[in-house]
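Worksheet: the structure to be examined is printed underneath.
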Amino acid sequence: VSWEKPNNAGTINSNADGFIFNDGSGDFDGSSQTTTLTIPTTENNADGTYKCVVSSSEHTKVNEETDVESKVFTMTSTPKSVVLDGTEQTLTCTIGDLDAGQEVVVTWRETTGGTDLSTDTTNYGVEQGTVDGNGDQNSILTIKLAKITTLSGTSFTYKCAAKSRQYPESAESPELNVVANVKNFGVEARGSEVLTGTLATISCVSVSWEKPNNAGTINSNADGFINWFDSSIRQCIVEKTKR
């Protein structure tokens, strides 16, 4: 038994260039023999098709080649800003460079080697995701209200790991940290008291304004109202001239 590199790049010699080759002769059970090739990390940065070359005097086979695929995927996650305001929050782990219809199994954990969070339906929801046209699978962790109420601090980190479904004997990937940065939210109200019939300005940290007595949302330049964001004080402002 011997192995050939992808793209006709030559025969692999055991312990050369980091490759480790075991022909499996010591494990022959009388009917089968398994030969393995361990590919070093320096050579495992893209999909490749290796050739297992077998010769057998018993079966009169000489240099019979069998293609063996070695596939790789990527894992990424962008830190996300979240607000602990009593609403569910989501985090995303993206697995890339996948073949269409060949989703991997994604496992979310709170800690390294911890419990699979898909089993904790009280606190979490896990969406595995599907492979899109770009070869990406977006797995989404939903942090439910029961868990949100227990979180505190400026950030928290979850972990995701992926394992091939196409080749289930493959090892699970190392865990990727998925970071959530807590964004503090608050509203400061600044009222006004001025002479009747003059311009009044009230302010708060907000993105929209509502009229008194649930009379509807205020639209800028409608009914004499003007609202804008003042970047110098990082506040939303609304003004109205009394008529």
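The values are calculated or read from the model by the stated rules, or taken from the named source; none is laboratory data. Predicted model, so just to flag it, every value in this text is computed and none were measured. When we count neighbours, we look across all protein chains shown, and the Cβ atoms used for this are built from the backbone with ideal geometry, even at glycine. Surface areas here come from the heavy atoms of the whole protein model, side chains and all, with no ligands, DNA or RNA. Shrake-Rupley method; radii C 1.70, N 1.55, O 1.52, S 1.80 Å.
In nm, to one decimal, how far is the modelled label at Ile202 from the one at Asn134, with both set 7 Å along Cα→Cβ?
If labels sit at Ile202 and Asn134, their model points lie 4.4 nm apart.
Calculated FRET efficiency, Thr121 and Lys80, Cβ-Cβ r, R0 30 Å, to nearest 0.05?
0.85
When Lys and Arg each count +1 and Asp and Glu each count -1, what net charge do the other residues less than 12 Å away from Val178, Cβ to Cβ, add up to?
Neighbourhood net charge equals +1.
Over the stretch 145-195, what percent of the accessible surface lies on carbon and sulfur atoms, probe 1.4 Å?
Carbon plus sulfur share of accessible area: 52 percent.
What would the Debye equation give as log₁₀ I(q)/I(0) for the stretch 60-159 at q = 0.12, 0.23, 0.25 Å⁻¹, counting only Cα atoms as equal point scatterers?
The calculated log intensity ratios at q = 0.12, 0.23, 0.25 Å⁻¹ are -0.49, -1.25, -1.38.
In whole Hz and in residue order, list the ³J(HN,Hα) couplings for the stretch 85-93 that follow from phi through the Karplus curve 6.51 cos²θ - 1.76 cosθ + 1.60, θ = phi - 60°; x for Gly and Pro.
10, x, 10, 5, 10, 10, 10, 10, 10
Dipole of the stretch 9-81, Cα-centred, from +1 at each Lys and Arg C-beta and -1 at each Asp and Glu C-beta, to the nearest 20 debye?
Dipole size: approximately 380 debye.
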